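Just below is one structure, and these are the notes that go with it.
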Amino acid sequence: MNTKTLIVSLLILGFAGPWIQATAGNSRWPAPNVELAPELGSIRAYPNPWRSDRHSGVQITFDRLSANATVRIFTVSAQHVKTLETSNGTSITWDLTNDSGSPVASGIYLYLVTNNAGEKTSGKLAVIK
């Protein structure tokens, strides 16, 4: 399964209900099944939403991660933004920049957490500037 397929599947399962629905019409297709790891359900991302008027200078923290976990952040259109990796810790921070170091725009971001066993879970973040 490629990254765009996985992100679309995550959107379907966690953020758009059990159906794919076209924004320009009323077409609906059943969503494919994607299993997410239930033991990764305790992962937190905060502050969420991140607001520039309240959280200036504060990074978004992902905690309750397993060692050697990877956090991949995407836009809702499945464009890769940044990859974060833990080494031995159980938390990691995102400085609200992309892999090139440029600040990200306001919007909704999806994150995919993968542990060293290959199990996955996902979530969403809001950035309001």
Report summary line: Restricting attention to segment 79-116, the residues that are in contact with a strand residue (DSSP E or B) (Cβ under 7 Å, 6 or more places away or on another chain), in a loop (DSSP other than H, G, I, E, B) and farther than 15 Å from Q59 by Cβ number exactly 3
Report task. Restrict the check to segment 26-45 and report whether at least one residue is at pLDDT 90 or above and of a type in the set (K, R). Result -> yes
Report task. Can you confirm whether segment 118-128 contains a residue that is closer than 18 Å to W50 by Cβ and either outside any strand (DSSP E or B) or without any contact (Cβ under 8 Å) to a residue 60 or more places away in the chain (or both)? Result -> no
Report summary line: Residue pairs qualifying under the 7 Å Cβ cut-off, at least six apart or on distinct chains, with the first in segment 51-73 being open to solvent by 70 Å² or more (accessible area, probe 1.4 Å) and the second being among the acidic types (D, E), are Q59/D95
Report summary line: Those residues of segment 81-97 which are surrounded by 15 or more Cβ atoms within 10 Å (Cβ to Cβ), closer than 25 Å to A117 by Cβ and of a type outside the set (K, R) amount to V81, L84, T86, I92, W94
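The values are calculated or read from the model by the stated rules, or taken from the named source; none is laboratory data. Computed from a prediction, not measured in an experiment: that's the story for all the values here. Don't worry about glycine lacking a Cβ; one is built from the backbone with ideal geometry, like all the others, and counts go over all protein chains shown. For the accessible areas, the whole protein counts, side chains as well, though only heavy atoms, and no ligand, DNA or RNA atoms are used. Shrake-Rupley method; radii C 1.70, N 1.55, O 1.52, S 1.80 Å.
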